[in-house]
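Here the structure is laid out as structure tokens; the discussion comes afterwards.
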Amino acid sequence: MNVLINFSTLKCGGGQNVALNFLSVFQHIIENGNKHCFFLVAKDSSIHRWFKKNGNYKYFVCPRNPIQRLLFEVCVTRSIIKKYQIDIIYSYFGYGLFPRKIPQISGAADSNLLYPEIDFWKDYKGVRRWWHLLVDQYRVYGLKHARGIIFENECLEKRFRELYKLNTFTITIKPSISNIYNQKSFSLPSNIIDLKKGLFLCGWHLNKNVLLIPEIAYNFKLMNYPFHLLLTAPLDNSKICRDFIKLVELYNVREYISIIGSVKKEELASLYQQVDVVYLLSKLESFSNNIIEAWTYGKPLIVSDEEWAHSICREGAMYVDRNSAKAIADATFELCEDEKSMEKTVSEGLIQLQTYPSIQDKTRQEWDFINKVYENV
């Protein structure tokens with residue numbers, strides 16, 4: 001069986017780390033079978049650099065630009081598929097425009113596609129909104145035409161079945177976490193070291209409800225509760241960043257918030273060890289590494305009271321109305337000041353963590369699914 005593994009959509013962020021985890025173990029998983037792997041990677045990505053250092057694999061470099069990548073898939077990969085007699089394609093995220101006669105497995109991580117009743121892009125205007133909606137249409141097309149789909153949580157797999165009623169092979173494979181890298185310390189501003197702190201590990205994403213952070217801080221101020229909020233977004237003068245700064249000034253809560261910028265993966269353990277609470281206030285998620293990272297480092301989670309969150313976190317989080325700054329502040333106060341509440345949330349998180357696979361087990365599940373689809377199409 002000749003497998004083309006498509007990493008071309010993974011250009012930055014956590015997706016690259018997931019792919020690198022896969023690459024760190026996949027050879028040991030398939031070494032006993034008659035399988036040959038070929039790879040598509042985005043130019044100058046971390047994955048591309050990995051292949052440059054590990055020269056024993058056949059890989060092909062794709063353009064980073066989405067339109068150019070699609071043209072590459074349509075025009076160039078046909079000859080690759082023919083030359084190397086590719087039997088099946090595994091697109092780690094999304095769906096590629098490869099010949100339909102070759103079965104394709106797609107990794108699905110766009111939760112908004114499965115909640116059409118939610119206007120996910122309502123806060124975006126003009127061309128930007130139009131572009132997001134157009135991309136979503138292409139991704140829905142991909143879901144409908146993939147021969148197999150790998151979901152990250154059972155709720156999304158169930159919704160796919162209910163929405164489309166297609167005879168598609170599906171599976172839910174939970175994410176894994178890796179601490180296999182050199183850890184480095186992360187330094188917070190000296191004036192907040194002794195304060196209790198909450199972490200928003202995200203960029204300027206409206207889905208994460210970042211613009212509510214100043215109002216949450218204002219509620220701490222009204223409570224006269226010395227709690228500090230950390231946000232890992234960059235100070236990049238983007239519109240959302242400017243709107244955020246205006247809200248900080250409006251509520252006069254500068255001393256309650258620090259924008260600390262992006263954090264390298266080797267600094268994550270250090271950062272988590274310095275905070276008391278982790279927030280995830282998204283409207284929709286397929287999954288978030290914040291969840292298993294918080295559980296791994298023994299930190300309580302405060303998450304949105306939404307269907308996706310309950311499906312993933314079970315009893316391992318405290319749920320709040322994501323649009324109520326007061327409810328979020330009250331939940332934070334309860335966790336930090338009630339030792340039993342803190343211990344219960346953390347211990348339940350550790351219980352949930354035990355249900356997640358190792359990198360080896362996750363990769364083995366992926367290969368078993370590839371074999372299943374290949375043998376039944």
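Derivation of every value follows stated rules applied to the coordinates shown; laboratory data play no part. As the structure is a computational prediction, the values presented were derived from the model and not from experiment. Counting neighbours? That spans all protein chains shown, and the Cβs are built from the backbone with ideal geometry, glycine included.
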GNM on the chain, Cα springs under 10 Å; top mean-square fluctuation among Lys158, Lys362, Lys239 goes to Lys239
With +1 on the Cβ of every Lys and Arg and -1 on the Cβ of every Asp and Glu, the dipole magnitude of the chain about its Cα centre, in debye rounded to the nearest 20, is 2000
Once phi is turned into θ = phi - 60°, what whole-Hz ³J(HN,Hα) does the Karplus curve with 6.51, -1.76 and 1.60 give for every residue of segment 201-213, x standing for Gly and Pro? 8, 6, x, 7, 10, 5, 4, 7, 6, 5, 6, 8, 4
Just how large is the dipole of segment 190-353 about the Cα centre, in debye to the nearest 20, putting +1 at every Lys and Arg Cβ and -1 at every Asp and Glu Cβ? 480
Residue list for segment 228-258, given a label point 7 angstrom along the Cα-to-Cβ vector of Arg129 and an amide N cut-off under 17 Å: 240
For Thr172, which sequence-distant residues (separation of 5 or more, or a different chain) have an amide H within less than 5 Å of its own amide H, given hydrogens modelled in the peptide plane? Phe151
Nearest 10 degrees is fine. How inclined is helix 14-30 to the longest principal axis of the chain, computing both from alpha carbons? 40
I'd like to know which of Ser187, Val3, Ala327 lies farthest towards the positive end of the charge dipole of the chain, counting +1 on Cβ of Lys and Arg and -1 on Cβ of Asp and Glu. Val3
I need Ser24, Ser187, Ser8 ordered by Cβ neighbour count within 10 Å, fewest first. Ser187, Ser24, Ser8
How charged is the neighbourhood of Thr355? Take every other residue with its Cβ under 14 Å from the Cβ of Thr355, and add Lys/Arg as +1 and Asp/Glu as -1. -2
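Starting from segment 166-263, pick out the chymotrypsin sites (Phe, Trp or Tyr not before Pro) whose DSSP state is loop and whose Cβ has at most 16 other Cβ atoms within 10 Å.
Working: sites: Phe169, Tyr181, Phe186, Phe200, Trp204, Tyr218, Phe220, Phe227, Phe244, Tyr251, Tyr256; in loops: Tyr181, Phe186, Trp204.
Loop-located and lightly packed - Tyr181.
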Between segment 316-365 and segment 222-249, the Cα center-to-center distance that results, in Å: 24
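Based on DSSP H runs of at least 4 residues, each adding -39500 (n - 2.57), what is the mean residue ellipticity at 222 nm of the chain after dividing by all its residues, to the nearest 500 deg cm²/dmol?
Numbers: 14 runs with 164 residues, N = 377.
Result for the chain: -13500 deg cm²/dmol, rounded to the nearest 500.
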Can you tell me the 0 to 90 degree angle between the C-alpha axis of helix 126-145 and the longest principal axis of the chain, rounded to 10? 50
Taking θ = phi - 60°, what integer Hz values does the Karplus form 6.51 cos²θ - 1.76 cosθ + 1.60 yield along segment 44-58, in sequence order, with x for Gly and Pro? 6, 7, 4, 5, 4, 5, 4, 5, 5, 7, 10, x, 9, 10, 8
Using alpha carbon centers only, segment 153-207 is separated from segment 68-107 by a whole-angstrom value of 28
Using the Karplus curve 6.51 cos²θ - 1.76 cosθ + 1.60 with θ = phi - 60°, what ³J(HN,Hα) values do you get for each residue of segment 217-227, in whole Hz, with x for Gly and Pro? 4, 4, 5, 5, 5, 5, 7, 6, 10, x, 10
Can you list the residues of segment 81-117 with backbone N under 20 Å from a point 7 Å past the Cα of Lys158, pointing along Cα to Cβ? 108-117
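Would you mind counting up the charge near Arg78? Only other residues with Cβ under 13 Å from its Cβ, with Lys and Arg at +1 and Asp and Glu at -1.
Numbers: positive: Lys82, Lys83, Arg100, Lys101; negative: Glu73.
Net of charged neighbours comes to +3.
For Cα pairs less than 8 Å apart in space and 6+ apart in sequence, what is the mean separation divided by the residue count of segment 201-310, i.e. the relative contact order in percent?
Numbers: 135 pairs, mean separation 30.8, N = 110.
Across segment 201-310, relative contact order equals 28 percent.
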If I stretch the segment between Arg64 and Leu211 completely, what's the gain in nm (0.36 nm per residue apart, minus their alpha carbon distance), one decimal? 49.9 nm
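Only Cα pairs under 8 Å and at least 6 apart count here; give the relative contact order of the chain as a rounded whole percent. Numbers along the way, then the final one.
On the way: 611 pairs, mean separation 58.2, N = 377.
So the answer I get is 15 percent.
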Sequence-distant or interchain residues sharing an amide H contact under 5 Å with Arg322, placed H: which? Asp305
Once amide hydrogens are built 1.01 Å from N within the peptide plane, the residues lying 5 or more places from Ala317 or on another chain with amide H under 5 Å from its amide H are none
As an exercise, use a Förster radius of 51 Å and the Cβ-Cβ distance of Arg49 and Asn224 to find the FRET efficiency, rounded to the nearest 0.05. 0.55
Can you compute the FRET efficiency between Glu339 and Glu255 using 1/(1 + (r/R0)^6), with r the Cβ-Cβ distance and R0 = 41 Å? Round to the nearest 0.05. 0.95
Please check: in the Gaussian network model of the chain (C-alpha springs, under 10 Å), which one of Ile257, Ile171, Ile245 has the largest mean-square fluctuation. Ile245
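May I ask which of Lys184/Lys265; Lys11/Lys264; Lys158/Lys208; Lys11/Lys122; Lys53/Lys264; Lys122/Lys239 have a Cα-Cα span longer than 18 Å here? Kindly include the intermediate steps, with their values, before the conclusion.
On the way: Lys184/Lys265 9 Å; Lys11/Lys264 16 Å; Lys158/Lys208 24 Å; Lys11/Lys122 26 Å; Lys53/Lys264 21 Å; Lys122/Lys239 16 Å.
Flagged as over cut-off: Lys158/Lys208; Lys11/Lys122; Lys53/Lys264.
Work out the FRET efficiency for Asn2 and Ile351 from their Cβ-Cβ distance, taking R0 = 35 Å, and round it to the nearest 0.05.
It comes out at approximately 0.25.
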Round to the nearest 10 and give me the degree value, 0 to 90, for the angle of helix 154-164's Cα axis relative to the longest principal axis of the chain. 60
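Where both residues lie in the chain, what percent of DSSP beta bridges are antiparallel, nearest 5? Could the numbers behind the result be given before it?
Details: 0 of 41 bridges.
Beta bridges within the chain, antiparallel portion: roughly 0 percent.
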